[in-house]
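Asks: This is the structure I have questions about; it appears just below.
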Amino acid sequence: MKWNADLYDDKHSFVSQFGENVLELLDVKAGESILDIGCGTGDLTKLIKEQGADVIGTDNSPEMIAQARFKYPDVRFEVEDAANFTVEYPCDAVFSNAALHWIHNSAGVIRSVFEALKPGGRFVAEMGGKGNVGKLRAALKQVLQQRGYTMQAETQIWYFPSLGEYTNLLERGGFRVTYAAHFDRKTPLQDGDQGVAKWIKMFGSQYFKGIPEAEQADILQEVTDLLEPAYNENGQWYADYKRLRFIAIKE
Ligand code: BEZ
């Protein structure tokens, strides 16, 4: 998927704003070596550096990495696949915010992270968990099915595992999970009744493969109408995010 890094920063900066409190979970110590995988345009990587760590941000989108380097020239960023990477020197921690749900190859992620860590090192992450944007996905599926787009209705872009599923994978990968939580976080959408359409255009364009442009607008309107009772609270629209967070130690 090709990312629009400017739009991501302009309209979806809540991704890194919410990420700031997952940094508390990372609990950076000055001098630590840290890898931030799926770093997007680098906002949290920069904060990790400001907390005194020796950090590298990686993302498999060249557009995101170009934007990150432009914004933060004093931070090291590299294009890397989080499901298949190696490091020159093992690090103290691997961090990730709002990225792992884009990667279906969870075994590859867990294996690469395990190999990248020093013994005793930690993997700290937040991602979309089971049921994330469940109402939005159900509304999209319903509208696409009603219009005969049965293939598009079955689109599976994201990987939203349950707590049990992901912690089990971590344990099988050699980690000891010392903390895990799966919780609701309703997330504000910008631009009022245009917010759902903008979110889907930014993150879910794969649902519209092969659908004429003119019809896409009608579909987005129908999805918005279906979601309005659940998403619109006195003019402020919220998406039904569900987060999965964990700390896992390489034993
Ligand atoms: C999330 O952060 O939960 C998310 C963001 C974009 C697409 C899907 C999920």
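The values are calculated or read from the model by the stated rules, or taken from the named source; none is laboratory data. Here the structure is a predicted model, which means the values were calculated and not measured. Positions of Cβ are generated from backbone atoms using ideal geometry, with glycine treated the same way; all protein chains shown enter the neighbour counts. For the accessible areas, the whole protein counts, side chains as well, though only heavy atoms, and no ligand, DNA or RNA atoms are used. Shrake-Rupley method; radii C 1.70, N 1.55, O 1.52, S 1.80 Å.
Asks: Enter the accessible area per residue of the chain (Å², integer; probe 1.4 Å; all protein chains in place).
Replies: Counting only protein heavy atoms, the per-residue value for the chain is 47 Å².
Asks: Please give me the summed charge of the neighbours of Gly52: other residues whose Cβ is under 10 Å from its Cβ, Lys and Arg +1, Asp and Glu -1.
Replies: -1
Asks: Another question, then. Looking at region 154-212, which trypsin sites (Lys or Arg not before Pro) are in a loop (DSSP not H, G, I, E or B) and have at most 12 other Cβ atoms within 10 Å?
Replies: Filter output for region 154-212: Lys209.
Asks: Over the Cα atoms of the chain, what Rg and Dmax result, in angstrom?
Replies: Cα-based Rg and Dmax for the chain come out at 18.5, 56 Å.
Asks: Of the accessible area of the chain, with the probe set at 1.4 angstrom, what percent is carbon plus sulfur?
Replies: 48
Asks: How charged is the neighbourhood of Val177? Take every other residue with its Cβ under 15 Å from the Cβ of Val177, and add Lys/Arg as +1 and Asp/Glu as -1.
Replies: Cβ neighbours under 15 Å give a net charge of +1.
Asks: Normalise the Debye intensity by I(0) for region 31-149, one equal point scatterer per Cα, no solvent, then take log10 at q = 0.12, 0.16 Å⁻¹ and round to two decimals.
Replies: After summing over all Cα pairs, the log10 values are -0.49, -0.75.
Asks: Let me check I have the definition right: for region 103-166, take the eigenvalues of the Cα gyration tensor, multiply each by 5, take square roots. What are those semi-axes in whole Å, largest first? Show your work: numbers first, answer last.
Replies: Values: eigenvalues 229, 30, 10 Å².
Its equivalent ellipsoid spans semi-axes of 34, 12, 7 Å.
Asks: Ok, one more. Using modelled amide H (1.01 Å from N, peptide plane; none on Pro or chain starts), what sits under 5 Å from the amide H of Arg185, excluding residues fewer than 5 places away?
Replies: Tyr241, Lys242, Arg243
Asks: Taking the Cβ of Gly164 as the center, what net charge do the other residues with Cβ under 13 Å away carry, scoring Lys and Arg +1 and Asp and Glu -1?
Replies: So the environment of Gly164 carries a net charge of 0.
Asks: Also, I was wondering about something else. Under a cut-off of 23 Å between alpha-carbon atoms, report the lysines in cross-link reach of Lys130, not counting same-chain residues fewer than 8 places apart.
Replies: In chain and number order, the partners are Lys141, Lys186, Lys198, Lys201, Lys242.
Asks: Next question. Using the Karplus curve 6.51 cos²θ - 1.76 cosθ + 1.60 with θ = phi - 60°, what ³J(HN,Hα) values do you get for each residue of region 179-192, in whole Hz, with x for Gly and Pro?
Replies: Residue by residue, region 179-192 yields 7, 7, 8, 10, 9, 7, 9, 5, 10, x, 9, 8, 6, x Hz.
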